[in-house]
Amino acid sequence: MTSVSAPETPPRAHPGRRLSTFLFRHPRTRLALLLALPVAWMVVVYFGSLVVLLVSAFWDTDPFTAEIVREFTLDNFKTIIERPVYRDVAWRTIQMALMVTLADIVLAFPIAYYMARVASPRARNLLVVAILLPLWASYLVKVIAWRTILSDGGVINWALEPLGLSFDGYSTVGLWLVFTYLWLPFMILPVYAGLERIPASLLEASADLGGRSLTTFVRVIVPLALPAVVAGSIFTFSLTLGDYIAPGLITSEQFIGTVIYNIRGQALPTAAAYSFVPIVVIVLYLLVARKLGAFESL
Amino acid sequence: MRRKRIAVWAALGLLVAALSVVAAGCGGGDDEAGASTDIEGLGTSLEEIQTMARDEGEVNLVQWAGYAQLTDEFEAATGCKVNTKDGGSSDDMISLIQTGEYDGVSASGNASVRLMTTGDVAPIDPDLVPNYADVQEGIKDQDYNSLDGQPYGVPHGRGPNYLMFRTDDVPEDTDSWGVIWEDDQLAKYKGKISIYDDSIFIADAAVWLKATQPDLGIDDPYQLNQEQFDAAVALLKKQAPNVGEYWPGTPASQIAAYTNGDSVVGTTWPYQYLQLTNADPAVPVKAIKPVEGTTGWSDTWMIYSQAAHPNCMYLWMDHMISPEAQAAVAEGFGEAPVNLKACDLTTNENHCSDFHADDEAWWDDVYYWTTPVEDCGDDDDSTTCVTQEDWKTAWTEIRG
């Protein structure tokens, strides 16, 4: 073995090097190559499926075979506007989403505040792990577990029995508990991050200027944390609005998701038309959230 | 700047237009199957089918939970690996088979008629299914498994939808659907009633009305005129606030609800009843065909008209009507076999008489699931009936 380095392949001929030179000289090509995959994904898979869904809302079905007839019609929209059941279900779902969001704010704020302002770093880490841990378990397992908890012979009714009370777990209230539990981490984490960003100096300044703790809380902390709370509420609200598995397992009440799921086999276009409802609601919600500065807190 | 923005919008518009064209184009394939039993890639003789099946190596099935039986034996004998997917309702089954991913389906009457009409399933050649000869004659050539005398698929078995109740909450001598329809009974079992979550359940209300309100003149509970239909829907709406669970077609949640007492009375399939009584400890339940009669099903294994594994599917259809598989599924799911040779092979030697396999009179008041159609399925031009599209809408409204 000799350690002679023959200069027969000069470094500039190396193909990798040539490619990088080429890309350096052509920034547009570089950008195109970089973005091709994500853009293709967004446009074809993401928007594409959405467009197919929305287009099918304007199609008709054959009353006997339930096959889709590709003729333009507005009947599906007429159905969901004229039939009161669709309005009732939409309203029930929106109410549920709002109630779940409210409950999560009430529960999450003290926990997040404790983590951000009070807890020692060690306790804080433990709490973060404890909050993230349920997210590692399957959603379905958690809902089924709640089915057992809420059952007539479940732990809630067992605890209420000595008091002579009973609780109908498979109800809207039961579902509200389940949703509140399921989406709580999605509220705690942004609120925690928002509270942590508030500089301690502001709280000291408030105290120096004679603000008592309640005044500081209401006039300094709450306004500064509001965008984070709204950011968290985007998750709790939209996740509740779209879910169809938990409602199906916990209650016999219908929600937007369960209706779409139930009618999709027979009336796919009507189901597609109905899916406009949550889309519109979420868009409106996001517009309000943006006004409140939530997007800077995400 | 402004021009650039217009260009972006134009590009987006073009994209949307292009996608709509794609959307309109795909998923078509509505070529009528006609009465030809030809399926691309299917052998022309039994021997050829058996050889070709070895090359296919698998068969993908849409089934009611618990239907595929003796799959190990089938796989060993044919070399076709069996993959099953459970459907929860006939609508489920139809949308699953229409994905084109499956070779065959166990279709009930409210799916099979639609599938035959759309051409999603193909007619079969009975000569290539040797066990077909042993199927009870009375079940062959029915509306729900044949079109113009041409069989589409092989009959699988039939059974009733039972009234099931926990004997520790509901009197043991209950013999009427009244427990889930009459006002005082509804009040008594409020929140503990278990109902199948599908629009076909409207027919169960019609069965009750047929028996209790003869003025309505209901004959076939699936072909209802507007007045009869409205009466059934009104009855169901009255029942709805008292229902504890609308169980989806996957039986697990109903089994759990009866086990822990959240449900005590309602409609069920024999499958759940057998699961509950065979559980350890056994759940105290009883399942009956009430005096008013009941709805039921007579199912058919059908082959997808563009099946990727047609030879394995033919062998599967033959397998499912073999005496051994018929005995296993009859006892496993709880239904009457269509091949009476199975009766000698059941573990419970009385199974066939328990399920009235050979007792046609018993089935007189079991109304098999079928599709509600506008012309009422009769020859009388003056009658019109509510279509299943309206059944489905009404079901959404009943659930509220």
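The values are calculated or read from the model by the stated rules, or taken from the named source; none is laboratory data. Because the structure is predicted, anything quoted here is derived from the model rather than measured. Every residue, glycine as well, gets a Cβ built from its backbone with ideal geometry; the counts of neighbours run over all protein chains shown.
Listed by position, the helices (runs of 4 or more DSSP H) enclosed by the stretch A:26-141 that each have at least 1 residues that are within 12 Å of chain B (Cβ to nearest Cβ) are A:27-40, A:48-56, A:75-82, A:84-113.
Among the listed residues B:Ile195, B:Ile218, B:Ile202, B:Ile255, identify the single one that is surrounded by 18 or more Cβ atoms within 10 Å (Cβ to Cβ), in a strand (DSSP E or B) and in the same structural domain as B:Thr383 (by TED's automatic domain parsing). Steps first, answer last, please.
Working: B:Ile218 fails: in a strand (DSSP E or B); B:Ile202 fails: in a strand (DSSP E or B); B:Ile255 fails: in a strand (DSSP E or B).
Among B:Ile195, B:Ile218, B:Ile202, B:Ile255, only B:Ile195 is surrounded by 18 or more Cβ atoms within 10 Å (Cβ to Cβ), in a strand (DSSP E or B) and in the same structural domain as B:Thr383 (by TED's automatic domain parsing).
If I filter the stretch B:365-400 down to residues being without any contact (Cβ under 8 Å) to a residue 12 or more places away in the chain and more than 9 Å from chain A (Cβ to nearest Cβ), which single residue comes out as surrounded by the most Cβ atoms within 10 Å (Cβ to Cβ)? Top of the filtered list is B:Asp375.
Applying the set (1) crowded, with 24+ Cβ neighbours inside 10 Å; (2) over 26 Å from B:Ile200 (Cβ atoms); (3) hydrophobic (A, V, I, L, M, F, W, C) to A:Val277 leaves exactly one unmet item: (1).
Does A:Glu253 satisfy the condition of being within 14 Å of chain B (Cβ to nearest Cβ), in contact with a helix residue (DSSP H, G or I) (Cβ under 8 Å, 6 or more places away or on another chain) and acidic (Asp, Glu)? Answer is yes for this residue.
Number of residues in the stretch A:153-171 that are in contact with a Lys or Arg (Cβ under 9 Å, 6 or more places away or on another chain) and more than 12 Å from chain B (Cβ to nearest Cβ) equals 0. In the stretch B:119-136, is there at least one residue being under 21 Å from the mean Cα position of the chain (by Cα), without any contact (Cβ under 8 Å) to a residue 24 or more places away in the chain and surrounded by fewer than 16 Cβ atoms within 10 Å (Cβ to Cβ)? Within the stretch B:119-136 (the criterion being under 21 Å from the mean Cα position of the chain (by Cα), without any contact (Cβ under 8 Å) to a residue 24 or more places away in the chain and surrounded by fewer than 16 Cβ atoms within 10 Å (Cβ to Cβ)), the answer is no, since none of the residues qualifies.
Does at least one position in the stretch A:172-193 carry a residue that is within 20 Å of A:Glu253 (Cβ to Cβ), within 14 Å of another protein chain (Cβ to nearest Cβ) and of a type in the set (Phe, Trp, Tyr)? The answer is no; no qualifying residue exists.
The residues in the stretch B:257-279 that are small (Gly, Ala, Ser) and free of Cβ contacts under 8 Å to residues at least 12 places away in the same chain can be counted, and the count is 0. Residues in the stretch B:83-106 that are touching a residue at least 12 places away in the same chain (Cβ under 8 Å) and within 14 Å of B:Ala307 (Cβ to Cβ): B:Asn83, B:Leu96, B:Ile97, B:Gln98, B:Gly100, B:Glu101, B:Tyr102, B:Asp103, B:Gly104, B:Val105.
Sort out which residues of the stretch B:374-388 are assigned to a loop (DSSP other than H, G, I, E, B) and under 22 Å from the mean Cα position of the chain (by Cα), and write them in order of number. Working first, answer last.
Of all residues in the stretch B:374-388, those assigned to a loop (DSSP other than H, G, I, E, B) come to B:374-387.
Correct list: B:Glu374, B:Cys376, B:Gly377, B:Cys385, B:Val386, B:Thr387.
Would you check which residues across the stretch A:142-169 are in a loop (DSSP other than H, G, I, E, B) and over 18 Å from B:Lys192 (Cα atoms) and list them? Spell out how you get there, then give the answer.
So the first thing to find is which residues in the stretch A:142-169 are in a loop (DSSP other than H, G, I, E, B), and the list is A:151-154, A:164-169.
Residue satisfying the conditions is A:Gly164 alone.
Here B:Gln213, B:Gln185, B:Gln226, B:Gln254 are screened, and the one residue that is closer than 21 Å to B:Phe165 by Cβ and more than 14 Å from chain A (Cβ to nearest Cβ) is B:Gln185.
Per the listing B:Gly249, B:Gly293, B:Gly266, the residue uniquely more than 14 Å from chain A (Cβ to nearest Cβ) and within 22 Å of the chain's Cα centre (by Cα) is B:Gly293. Number of residues in the stretch A:259-269 that are modelled with pLDDT of 90 or more and facing another protein chain (nearest Cβ under 10 Å) equals 1.
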